[in-house]
Each structure stands twice: as C-alpha cells, then as structure tokens.
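Participant: Got a structure for you, written out below as structure tokens; questions coming shortly.
The values are calculated or read from the model by the stated rules, or taken from the named source; none is laboratory data. Keep in mind that this is a model prediction, so the values were computed, not measured. Neighbour counts run over all protein chains shown; Cβ positions are idealised from the backbone, glycine included. The accessibility values were calculated without ligands, DNA or RNA, using every heavy atom of the protein model including side chains. Shrake-Rupley method; radii C 1.70, N 1.55, O 1.52, S 1.80 Å.
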Amino acid sequence: MTPNQTDRIATQLINFLVLIVVLILLFLLGDIIFSGFPHVSWHFLTSPSSSFSAGGGIRDQLFNSLYLLVLTLLISFPLALGSAIYLSEYAGNNWRTGLIRTAIEVLSSLPSVVVGLFGYLLFVISFHIGFSILSGAIALTFFNLPLLVRSIEGSLHAVPDSQREAGIALGLSNWRTIRGIILPAALPGILTGIILSAGRVFGEAAALIYTAGQSAPILNYADWNPTDGSSFLNPMRPAETLAVHIWKVNTEGVTPDAVSVSAGASAVLIIVILIFNFGARAIGNHLYKKMTGGK
Amino acid sequence: MHKKTLISTVVAFSLAGLLLGGCGSKSSQKSASDSTKAAKVTKITAVGSTALQPLVEQAAQDYQASNKNVNLTVQGGGSGTGLSQVQQGAVQVGNSDIFAEQSSGIKADKLVDHKVAVVGMTPVVNPETGVTNLSMAQLRDIFTGKITNWNQVGGKNQKISVINRAQGSGTRATFEGAVLEGKKAITSQEQDSNGTVQKLVATTPGAISYLAFSYVNDKVKAVSIDHVKPTDANVTTNKWTIWSYEHMYTKGQPNKATAGFLKYMNSSKVQGSLVKKLGYISIHDMKVTKNAKNVVTK
Amino acid sequence: MDEIQKKLNAPSKASREDVIGRIISYTCIAVIIALVVSILYFITSRGIATFTTNHVSLWQFLTGKQWNPGTLSANGQPQVGALPMIVTSFSVTILAALVATPFAIAVALFMTDIAPKTGAKFLQPVIELLVGIPSVVYGFIGLTVVVPFIRHLFGGTGSGILAGTIVLFVMVLPTISSLAVDALRAVPTYFRSASLALGATRFQTIYKVLLRAAMPRLLTAVIFGMARAFGEALAVQMVIGNAVLMPHNLVTPTSTLTSQLTTNIGNTIMGTLPNNALWSLALILLLMSLVFNLLIRYIGKRGEIKS
C-alpha cells in the first residue's frame with residue numbers, strides 16, 4: 001500500500017468515526033427535541049407547575065434555571081478569573097502551584113450528591129442560608145470552578161508572551177498588561193469555558209436537590225424588590241430548576257402527564273442551552289472585535 | 001479607554017456578586033422583617049420523604065394563602081435526612097415514610113409523631129408473566145430467592161427478575177415488614193424511586209417489584225395476594241396488609257405555627273380531597289391502627 | 001527637591017496597580033483553597049468514621065463482597081464490603097474511556113486538521129451542547145433505549161456494565177473531545193509544516209508527528225474523561241441495576257460506588273454505620289480522583305513539548 005492509499009483510508013476512517021459520533025449526537029438531540037417538542041406550547045412555558053393534575057407548565061423552573069446560572073456565574077467567574085490569573089501570571093512553576101492545581105481539579109470529579117450534601121450541611125443548615133438559590137449557586141460553584149479555572153488559564157496561556165513583553169515595554173504595570181492586553185486576547189477561550197460550565201449548571205440536578213431545593217413556591221414577577229419573600233429576584237428563596245424538575249417528575253411524579261412534562265422540559269432545556277451557546281458566541285465575537293481593535 | 005472600562009465593569013460587577021454572596025444571610029433576615037411589619041413571620045422548614053413531599057408542598061401552598069404569617073419550605077432529601085435533621089433541630093418538621101423507632105440512630109422518644117396519610121403498596125409484575133394472584137408464601141419465596149421461575153407459581157416459563165427498593169427506604173421497610181417475616185431478601189437490582197421501578201417493571205420481561213398504589217398504571221400488573229385485591233378499601237380494614245403511614249415528626253411538641261400547619265394537614269379539607277387526589281388514603285378512613293412493631297389493632 | 005525625592009522613592013502608580021492586582025488574584029486563590037480544604041476535610045472526617053468509630057477493618061472494607069451495612073454478619077461484624085462496587089466503578093470507567101478515545105481523537109483530528117471550518121461551525125457547538133444535557137435525561141434515554149436493546153441482544157435484564165459503559169461513553173465524549181482538540185491545537189504549526197515539507201502525507205503527519213507530540217495532553221484528556229465517568233451518578237444509577245454483586249459478565253446487574261451512594265444516602269440516618277459507610281465510599285471516590293489527577297500531572301510533566 002502506498003502512503004497515499006494509507007492516507008486516503010485513514011481519512012475515510014476518521015470521517016467514518018466522526019460520522020458515527022454525529023449520528024449519535026443527532027439521534028440524542030432528535031430524540032429529545034422530537035419527543036418533547038409537541039408538548040411545548042406557550043401555555044407550557046408560561047404556567048406554573050402542578051403537583052398532581054395534568055397541564056402543569058415550567059415557567060418558574062425555567063426562570064429559576066436562568067437565575068441560578070446568573071448567580072452561579074456571579075460567584076464563580078470572578079473567583080475563577082482571579083485564580084486563573086494567579087496560576088498563569090504570578091504562580092511559580094513549583095510544587096505549591098502543582099498542589100493548588102491538583103486541589104482544584106479534584107473538585108471536578110466529586111460526585112454531585114456529595115457536594116450537594118456538603119452544601120446542605122454547611123450552607124443550608126450551619127450558615128442558616130436555608131434552601132435557596134444562593135445555596136444552590138454556592139454548591140454549583142464547586143463544579144464550575146475547576147472547569148472555569150482550567151479553561152481561563154488555558155486561554156491566558158495561549159496568549160503569546162510577546163504580548164506581555166510588549167505591554168511591559170510600554171511601561172504598563174503587570175496588572176494593567178493583564179487587564180488591558182491579555183484578557184481581551186483570551187476572551188474567546190474564556191467564553192468557551194463559561195459556555196461549558198453553564199451547560200453543567202443547567203444540567204445539574206443531584207447537587208441542587210439538597211441545596212436549592214426541589215419545590216418551587218409561587219413567584220411574583222411584578223415584585224422587583226429582591227428582599228421580598230415572593231419576589232422572583234429574591235436569591236434567598238428555594239428554587240426548583242428545570243433539571244431538578246425533570247428528575248422529580250420522572251422519579252416521584254404523580255401527575256398523569258408526567259412523561260410529556262419531562263419530555264417537554266428536556267426539549268426546552270436543550271433549546272435554551274442552544275440559544276445560550278450561540279448567543280454567548282456571538283457576543284464573544286463582538287466583544288473580541290471591539291476589544292482587540294479588529295475590524 | 002473603552003476596553004478598560006468594560007473590563008473594570010466586569011470586575012466590579014463580579015466583586016459585587018461576591019459581596020452579595022457573603023451578605024446573603026443578612027438580607028434574608030431583613031426580608032423577613034420587611035415584609036411582616038405588623039405580624040411576625042414564622043419560618044417552618046419540612047424536609048424528608050420524597051414520596052410525601054408533593055402532598056405537604058401542595059398543602060403548604062394552600063395554607064400560606066390564608067396564613068400570611070407563616071413561611072413554609074417543603075423539601076425532599078429522603079426519610080433518613082428528614083429524621084436526622086429534625087432530631088438535630090435543624091428543621092422543624094421531618095417527613096418520613098417509616099416510624100422513627102424503626103431506624104437505628106434515632107431517639108424516637110424525643111420526637112413526636114404526626115401521621116398525616118396512609119399509603120398502600122402492591123407487588124407489581126410485568127404483564128407478560130401471566131400472573132395475577134400470588135399467595136403470601138409465594139411472594140415471600142420469590143423475594144427470598146426460593147422461587148426463580150414464573151411457572152412455579154402458575155405463570156409462563158420465564159425467569160423471575162426481582163427489582164427491590166433501596167435498602168433503608170421506607171417502601172422497602174414496609175414491604176419486608178409485611179411480607180418477608182424477618183427473612184432476608186436476595187441481593188438483586190435496587191431502584192430508589194417509584195417512577196424508575198414502574199418503568200423497569202413495565203419493560204423488563206419477568207420482572208417483579210412493588211409500588212405505591214398511585215404509581216400503578218396499565219403498563220404494569222398489580223398482583224392480588226391470596227385473592228385480596230390491592231384497593232384503598234381493603235387497606236382501611238387491613239385486609240390488604242402492605243401499607244404504611246406517612247409521618248411528619250417534630251422534635252418535642254411543635255411550636256404554635258407548626259402546630260397550626262399540622263392541624264391543617266389533619267383537617268378534613270386536606271384529608272378529604274388533597275390526600276385522595278395525590279393517591280394516598282386518608283388517615284380518617286382507617287379502621288385499624290398499626291404501631292412501630294407492625295402490630296395492628298382495630 | 002524633597003518633593004522629587006519623595007516621588008522617586010514612593011511606589012509608582014504602575015507598581016501600586018500591580019499590588020492591587022496581586023491582592024485580588026491571591027485573594028481568589030485563597031478563597032478557592034479554603035473551599036477545597038473545607039470539602040476535603042468534611043468528606044475525610046466523615047469517611048474515616050466507619051473505621052474509627054464503627055471499627056470496621058479497612059482491609060475488610062476494601063475486599064469484602066457483602067454490602068448490607070444495616071445488618072450484622074454471623075460473626076457480629078457489619079457487612080460492609082465495597083469490593084464489588086470498586087470493581088464495577090473501575091470497569092465501567094476504563095471501558096467507557098477505551099471506547100470513547102478513538103472517537104474523541106477522530107473528532108478532534110477532524111476539527112483541527114481535516115475540516116476545521118465545518119468542525120468549528122457545526123461540531124463544536126453540538127458537542128458543547130451535549131455537556132448541558134442533564135444526567136437524568138441521559139439516564140432515561142439509557143433506560144428506555146440502551147437497556148432494552150442490550151436485553152434484546154443478550155437476554156437477561158439488560159442492566160449492567162455494558163449499559164453503563166454505553167451511557168458513560170456518550171457522556172465523556174464531549175469532555176475528551178474538547179480536551180483533545182486543545183491538545184492537538186497546542187502542537188506548534190511548524191511541526192505540521194515541517195512534516196508536510198518533508199513530503200509526508202496528511203496521515204503520516206498525523207500519526208508520526210501530531211499524535212506523538214500531543215500524546216501527553218491526549219492522555220490527560222482521556223484521564224479527565226475517566227475522572228468524569230468515575231464520579232457520574234444519576235445516569236449510571238438508572239442503567240447499572242444497583243445490585244451489590246460482583247460483576248460476572250458485562251450484562252448482569254451490579255452497582256458502582258456512585259450509584260450506591262446516591263441511592264441510599266437520603267435513606268440513612270446521619271452518624272450511623274450505614275451512613276458512615278456511604279461517606280467512606282465518597283472518600284474512595286475522592287482518593288481515586290486524586291490518583292487520576294496525580295497521573296495527569298505526572299504524564300503532563302514527562303511529555304511537555306520543549307520548543
């Protein structure tokens with residue numbers, strides 16, 4: 001066999017494997033979307049869930065998922081950003097840095113139920129935060145941090161050192177070089193990290209059952225005061241997210257239309273992630289162009 | 001200049017997020033005092049059994065609509081969590097599928113039991129097994145592994161696959177208490193939720209498991225025991241023996257607000273409609289009582 | 001004169017900025033370390049209670065095959081043998097990684113070297129989407145599609161290591177692929193150019209240069225996928241069968257560490273042996289993930305591309 005033939009066969013093989021992956025992906029997405037889409041209606045999206053009769057919607061759960069995502073990112077993104085800057089710009093290449101990295105990575109493979117119980121015993125009970133979006137956001141921070149830190153650090157690393165040298169040569173401080181030159185250049189990578197971790201937030205259930213809770217009290221969407229008990233902005237209220245709702249409906253749901261609620265909710269979840277994915281990418285490209293002065 | 005402001009906005013925003021996180025518990029207390037003004041809001045948290053959660057959650061919503069001075073949070077987490085937490089005093093109410101006396105590590109004399117509903121459970125089989133009735137002894141032998149083929153009990157020639165519930169779960173404790181007479185079940189598949197068990201029994205040929213009445217649908221076959229049908233009426237007279245209470249435990253006597261809610265749970269408004277809608281049997285309909293040692297008295 | 005001297009001696013604006021920057025990033029890392037230490041301490045302190053307060057021997061815990069923490073065996077010892085779960089956890093993890101790796105590397109090569117445009121436009125968003133599907137949904141697709149399929153092929157219940165492997169394969173695929181993409185992208189372009197300039201075909205370049213240069217990071221990607229698979233709970237729990245039995249083959253029901261943990265933790269009373277034993281399982285998971293990470297670091301160190 002000539003190298004050219006090998007090359008062709010190998011390329012075919014790679015294409016074939018990719019095709020299988022694509023087929024699996026399409027099957028999964030198709031299965032979720034097609035079995036769920038017929039149950040998605042305006043009514044489904046805008047009515048509260050029901051615990052025993054048919055016809056419940058997912059309004060509050062959908063909002064809770066989004067709100068939880070925002071809160072989680074508010075807590076975990078700055079932490080991750082600061083730590084990634086430390087790891088990539090300040091930390092020396094020694095055993096201490098290695099230890100810190102290992103410690104952060106260990107977080108990512110903890111089973112979520114363990115993190116959930118930890119969050120429950122520490123934040124919900126000991127710190128008296130109670131079942132709340134805030135407790136949920138803190139628990140999710142544990143999963144988010146390793147992902148975010150690693151991807152941000154990776155994208156910071158990918159910025160060539162010449163950019164740093166150029167910043168220093170201009171008389172800028174290290175910090176200002178990071179803020180003004182490195183970060184904008186690393187932005188697309190950082191965004192990918194955020195998108196990936198956002199997926200994890202949307203999809204997580206086990207950790208939230210014990211922290212954000214699995215009941216969705218009636219929300220008042222007209223109440224914009226975040227300190228009011230029933231306000232939709234109150235971070236201290238218990239909140240059932242979409243993934244938790246899917247879990248609950250599937251495991252202990254007694255509603256007659258549990259199957260269709262679960263299918264519909266899964267489809268909505270996928271679509272929301274899709275929108276988020278493309279939205280974040282579009283915003284990222286826009287910001288990148290603006291910040292790096294590209295046209 | 002533009003990019004700098006942008007980044008600093010991001011940083012400032014995120015730091016604000018951190019601060020918000022740090023002071024969260026303070027703002028919650030404030031929110032409580034803000035919204036009350038006249039009356040003081042009492043916070044009640046009920047944690048535990050996932051099976052009981054929908055009932056208590058719905059009742060709590062209805063109750064809060066007319067009692068503005070109570071703020072109820074109802075969560076799952078499992079009976080074990082409920083009992084542990086109410087014993088520690090971390091929550092006001094611990095929901096449980098089993099008697100506190102039946103779980104080791106719980107000082108039952110410190111807890112006060114409030115029975116709010118009765119749940120009946122029935123063995124279910126895959127419809128293709130061809131079995132509709134079993135004797136109690138046969139059922140026991142199936143779950144202890146002595147009978148392994150459906151043709152030994154009048155069904156098709158098919159291997160029995162036992163699907164049990166999670167060790168320590170209330171459903172399993174009830175079932176084993178009523179059926180196994182202290183014998184040990186064979187090690188087999190275990191699932192921890194009614195929904196999963198229902199799906200598995202419906203699709204696995206030769207499968208047997210047990211479900212709360214409300215989860216039985218046309219895809220699984222409920223089996224009579226000694227020709228007694230699993231119906232609510234048979235449970236109330238103990239003719240059907242596999243049933244248990246749903247408990248709401250408090251540590252010592254409940255405080256005033258909690259007592260009010262528990263009284264509401266026991267009112268005919270909840271017992272007469274909500275309990276039945278969610279597939280439970282009202283505690284008022286029971287003609288017998290059962291204690292923690294499974295002794296039934298009329 | 002004094003003023004100038006003062007100005008010269010005082011820290012410049014730039015260095016003051018730098019101090020602020022340092023403070024911010026050091027604070028962040030300190031917070032994270034505090035979080036990590038607290039959760040490690042928490043799990044360890046609960047996990048070792050089985051051995052310190054309940055006096056179960058560590059050896060028995062790791063090699064016993066009976067798991068009935070609620071009951072005592074004939075000789076009065078509690079039955080907490082975690083071996084079946086340890087074996088199953090490792091089997092599904094390793095099998096899933098073995099199956100997923102060729103696919104993931106193919107996807108990565110496709111995205112970096114064969115059709116970068118289609119890859120970035122279509123494949124990457126879809127793969128990122130996969131990460132966001134809740135494990136519950138994976139579990140239910142596993143329960144309704146994979147398990148019946150296996151039952152159809154091999155008989156029995158269909159639950160078991162094979163079903164778990166298939167579900168985990170799909171779940172770790174995005175993780176391994178996206179890390180493999182990073183690994184291949186990190187190979188400097190001049191490696192490719194040099195190889196092509198020598199007259200090598202694309203496959204020769206991939207096989208002899210790219211994969212070899214990226215090997216350490218590719219391994220890292222695989223191990224990351226394995227760590228993810230090892231800790232996955234809800235999805236595996238639905239398809240593995242949850243019977244604490246030694247797996248005899250790939251299609252008998254068995255149980256992983258995580259599935260046992262998730263199934264039972266809500267039903268046990270805190271501070272009792274059944275609960276402590278579950279925390280010990282969590283401790284095993286933690287230690288394993290530590291081992292995985294140390295492996296990653298070791299491999300990463302050995303094979304850094306020196307340019």
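Participant: Does A:V268 count as modelled with pLDDT of 80 or more, surrounded by 15 or more Cβ atoms within 10 Å (Cβ to Cβ) and either within 21 Å of A:L196 (Cα to Cα) or small (G, A, S) (or both)?
Facilitator: Details: modelled with pLDDT of 80 or more: yes; surrounded by 15 or more Cβ atoms within 10 Å (Cβ to Cβ): yes; either within 21 Å of A:L196 (Cα to Cα) or small (G, A, S) (or both): yes.
So A:V268 passes the test.
Participant: Now a separate question. Helices (runs of 4 or more DSSP H) wholly in region B:95-214 with at least 2 residues that are under 18 Å from A:T251 (Cβ atoms) - which ones?
Facilitator: On the way: elements: B:136-143, B:170-179, B:194-203.
Result: B:170-179, B:194-203.
Participant: Is region A:236-245 home to any residue that is in a loop (DSSP other than H, G, I, E, B), free of Cβ contacts under 8 Å to residues at least 60 places away in the same chain and either open to solvent by less than 10 Å² (accessible area, probe 1.4 Å) or more than 7 Å from every other protein chain (Cβ to nearest Cβ) (or both)?
Facilitator: At the first step, the residues of region A:236-245 found to be in a loop (DSSP other than H, G, I, E, B) are A:236-241.
Pick out the ones that are also free of Cβ contacts under 8 Å to residues at least 60 places away in the same chain and you get none.
Checked against the condition, which is being in a loop (DSSP other than H, G, I, E, B), free of Cβ contacts under 8 Å to residues at least 60 places away in the same chain and either open to solvent by less than 10 Å² (accessible area, probe 1.4 Å) or more than 7 Å from every other protein chain (Cβ to nearest Cβ) (or both), region A:236-245 yields no hits at all.
Participant: Within the set of pairs 6+ apart or on separate chains, which have a first residue in region B:213-237 that is more than 17 Å from B:K276 (Cβ to Cβ) and within 14 Å of chain A (Cβ to nearest Cβ), a second that is of a type in the set (A, V, I, L, M) and assigned to a helix (DSSP H, G or I), and C-beta atoms under 6 Å apart?
Facilitator: The qualifying pairs are B:K219/B:A202.
Participant: Now for a separate question. Looking at region C:183-233, which of its residues are facing another protein chain (nearest Cβ under 9 Å), under 27 Å from the mean Cα position of the chain (by Cα), surrounded by fewer than 22 Cβ atoms within 10 Å (Cβ to Cβ) and of a type in the set (D, E, K, R)?
Facilitator: The one that is facing another protein chain (nearest Cβ under 9 Å), under 27 Å from the mean Cα position of the chain (by Cα), surrounded by fewer than 22 Cβ atoms within 10 Å (Cβ to Cβ) and of a type in the set (D, E, K, R): C:R185.
Participant: State all residues of region A:217-234 that are open to solvent by less than 20 Å² (accessible area, probe 1.4 Å) and either among the aromatic types (F, W, Y) or facing another protein chain (nearest Cβ under 9 Å) (or both); if no residue qualifies, say none. Outline the logic, then answer.
Facilitator: Keep residues of region A:217-234 that are open to solvent by less than 20 Å² (accessible area, probe 1.4 Å), which gives A:219, A:231-232, A:234.
A:S231, A:F232, A:N234 - these are the residues of region A:217-234 that are open to solvent by less than 20 Å² (accessible area, probe 1.4 Å) and either among the aromatic types (F, W, Y) or facing another protein chain (nearest Cβ under 9 Å) (or both).
Participant: Moving on to the next point. For region C:65-90: of the residues being of a type in the set (S, T, N, Q) and open to solvent by 30 Å² or more (accessible area, probe 1.4 Å), which is modelled with the lowest pLDDT?
Facilitator: Applying the first criterion (of a type in the set (S, T, N, Q)) to region C:65-90 yields C:66, C:68, C:71, C:73, C:75, C:77, C:79, C:88-89.
From what is left, the residues that are open to solvent by 30 Å² or more (accessible area, probe 1.4 Å) are C:66, C:71, C:73, C:75, C:77, C:79.
Working: C:Q66: 82, C:T71: 70, C:S73: 63, C:N75: 66, C:Q77: 72, C:Q79: 79.
Across region C:65-90, the extreme among qualifying residues is C:S73.
Participant: Tell me whether region C:156-178 contains one or more residues that are over 20 Å from A:V21 (Cα atoms), in contact with a Lys or Arg (Cβ under 9 Å, 6 or more places away or on another chain), surrounded by fewer than 24 Cβ atoms within 10 Å (Cβ to Cβ) and not β-branched (V, I, T). Spell out how you get there, then give the answer.
Facilitator: Just the residues of region C:156-178 that are over 20 Å from A:V21 (Cα atoms), to begin with: C:156-161.
If we keep only those that are in contact with a Lys or Arg (Cβ under 9 Å, 6 or more places away or on another chain) too, we end up with C:156-159.
Remaining after also requiring surrounded by fewer than 24 Cβ atoms within 10 Å (Cβ to Cβ): C:156.
Next cut, not β-branched (V, I, T) only: C:156.
Within region C:156-178 (the criterion being over 20 Å from A:V21 (Cα atoms), in contact with a Lys or Arg (Cβ under 9 Å, 6 or more places away or on another chain), surrounded by fewer than 24 Cβ atoms within 10 Å (Cβ to Cβ) and not β-branched (V, I, T)), the answer is yes, since at least one residue qualifies.
Participant: Of the conditions (1) in contact with a helix residue (DSSP H, G or I) (Cβ under 6 Å, 6 or more places away or on another chain); (2) closer than 21 Å to A:F131 by Cα; (3) open to solvent by 20 Å² or more (accessible area, probe 1.4 Å), A:S260 satisfies every one except a single condition; which number is it?
Facilitator: (2)
Participant: While we're here: Here is a list: B:K199, B:K219, B:K277. Which entry is open to solvent by 40 Å² or more (accessible area, probe 1.4 Å) and over 19 Å from the mean Cα position of the chain (by Cα)?
Facilitator: On the way: B:K199 fails: over 19 Å from the mean Cα position of the chain (by Cα); B:K277 fails: over 19 Å from the mean Cα position of the chain (by Cα).
Going through B:K199, B:K219, B:K277 in turn, just one is open to solvent by 40 Å² or more (accessible area, probe 1.4 Å) and over 19 Å from the mean Cα position of the chain (by Cα): B:K219.
Participant: Say whether the condition of being of a type in the set (K, R) and touching a Phe, Trp or Tyr at 6+ places or on another chain (Cβ under 6 Å) is met by at least one residue in region C:35-53.
Facilitator: Taking region C:35-53 first, the residues of a type in the set (K, R) are C:46.
Remaining after also requiring touching a Phe, Trp or Tyr at 6+ places or on another chain (Cβ under 6 Å): C:46.
Scanning region C:35-53 turns up at least one residue that is of a type in the set (K, R) and touching a Phe, Trp or Tyr at 6+ places or on another chain (Cβ under 6 Å).
Participant: Does region B:47-62 hold any residues that are small (G, A, S) and facing chain A (nearest Cβ under 8 Å), and which are they? Please lay out each step first, then the result.
Facilitator: The initial filter retains those residues of region B:47-62 that are small (G, A, S), namely B:48-49, B:51, B:59-60.
Hit for region B:47-62 is B:A51, nothing else.
Participant: Would you confirm whether any residue within region B:70-81 is surrounded by 24 or more Cβ atoms within 10 Å (Cβ to Cβ) and part of a loop (DSSP other than H, G, I, E, B)?
Facilitator: Checking region B:70-81: at least one residue is surrounded by 24 or more Cβ atoms within 10 Å (Cβ to Cβ) and part of a loop (DSSP other than H, G, I, E, B).
Participant: Still on this structure: Looking at region A:143-190, which of the residues that are hydrophobic (A, V, I, L, M, F, W, C) and touching a Phe, Trp or Tyr at 6+ places or on another chain (Cβ under 8 Å) is nearest to A:V106 (Cα to Cα)?
Facilitator: Keep residues of region A:143-190 that are hydrophobic (A, V, I, L, M, F, W, C), which gives A:143, A:145, A:147-149, A:152, A:156, A:158-159, A:166, A:168-170, A:172, A:175, A:178, A:181-183, A:185-187, A:190.
In the following step, the residues that additionally are touching a Phe, Trp or Tyr at 6+ places or on another chain (Cβ under 8 Å) were identified as A:148, A:187.
On the way: A:L148: 14, A:L187: 26 Å.
Looking at the filtered set, the residue picked out is A:L148.
Participant: I'd like to check something: does region B:135-145 contain any residue that is crowded, with 22+ Cβ neighbours inside 10 Å, out of contact with any helix residue (DSSP H, G or I) (no Cβ under 7 Å at 6 or more places or on another chain) and either aliphatic (A, V, I, L, M) or outside the structural domain of B:D232 (by the TED database) (or both)?
Facilitator: In the first step, residues of region B:135-145 are kept if they are crowded, with 22+ Cβ neighbours inside 10 Å; the result is B:139, B:142-143.
Those left that are additionally out of contact with any helix residue (DSSP H, G or I) (no Cβ under 7 Å at 6 or more places or on another chain): B:142.
Cutting the leftovers down to either aliphatic (A, V, I, L, M) or outside the structural domain of B:D232 (by the TED database) (or both) gives us B:142.
So far as region B:135-145 goes, yes, one or more of its residues are crowded, with 22+ Cβ neighbours inside 10 Å, out of contact with any helix residue (DSSP H, G or I) (no Cβ under 7 Å at 6 or more places or on another chain) and either aliphatic (A, V, I, L, M) or outside the structural domain of B:D232 (by the TED database) (or both).
Participant: Which count do you get for residues in region B:230-253 that are hydroxyl-bearing (S, T, Y) and assigned to a helix (DSSP H, G or I)?
Facilitator: Looking only at region B:230-253, we keep the residues that are hydroxyl-bearing (S, T, Y), and these are B:231, B:236-237, B:241, B:244-245, B:249-250.
Narrowing the set further to residues that are assigned to a helix (DSSP H, G or I) leaves B:236.
Final tally of qualifying residues: 1.
Participant: Please verify whether region A:100-113 includes one or more residues that are open to solvent by 10 Å² or more (accessible area, probe 1.4 Å) and more than 9 Å from chain C (Cβ to nearest Cβ).
Facilitator: no
Participant: Is at least one residue of region A:216-227 under 15 Å from A:F131 (Cα atoms), touching a helix residue (DSSP H, G or I) at 6+ places or on another chain (Cβ under 6 Å) and not aliphatic (A, V, I, L, M)?
Facilitator: No, region A:216-227 contains no residue that is under 15 Å from A:F131 (Cα atoms), touching a helix residue (DSSP H, G or I) at 6+ places or on another chain (Cβ under 6 Å) and not aliphatic (A, V, I, L, M).
Participant: Please report, ordered by residue number, the helices (runs of 4 or more DSSP H) entirely within region A:125-181 with at least 2 residues that are crowded, with 19+ Cβ neighbours inside 10 Å. Working first, answer last.
Facilitator: Values: elements: A:133-158, A:161-169, A:174-177.
By residue number, A:133-158, A:174-177.
Participant: Can you name the residue in region B:40-53 that is open to solvent by 20 Å² or more (accessible area, probe 1.4 Å) and in contact (Cβ under 8 Å) with a residue 60 or more places away in the chain and is also farthest from the chain's Cα centre (by Cα) among such residues? So that I can check it myself, show each step before the final result.
Facilitator: Within region B:40-53, the first condition is being open to solvent by 20 Å² or more (accessible area, probe 1.4 Å), and the residues that meet it are B:40-43, B:45, B:50-51.
So of that shortlist, the ones also in contact (Cβ under 8 Å) with a residue 60 or more places away in the chain come out as B:42, B:50-51.
On the way: B:T42: 25, B:T50: 5, B:A51: 3 Å.
Here the answer is B:T42.
Participant: How about region C:238-259: which of its residues are open to solvent by 10 Å² or more (accessible area, probe 1.4 Å), in contact with a helix residue (DSSP H, G or I) (Cβ under 7 Å, 6 or more places away or on another chain), more than 7 Å from every other protein chain (Cβ to nearest Cβ) and not β-branched (V, I, T)?
Facilitator: C:M246, C:P247, C:L250
Participant: Continuing with the same structure: Has region B:243-266 got at least one residue that is within 14 Å of another protein chain (Cβ to nearest Cβ) and surrounded by fewer than 13 Cβ atoms within 10 Å (Cβ to Cβ)?
Facilitator: No: zero hits.
Participant: Is there a residue in region C:149-157 that is touching a residue at least 60 places away in the same chain (Cβ under 8 Å) and in contact with an Asp or Glu (Cβ under 9 Å, 6 or more places away or on another chain)?
Facilitator: no
Participant: Let me ask you something else. Of the conditions (1) in a loop (DSSP other than H, G, I, E, B); (2) more than 15 Å from the chain's Cα centre (by Cα), B:Y63 clears all except one; give me its number.
Facilitator: (1)
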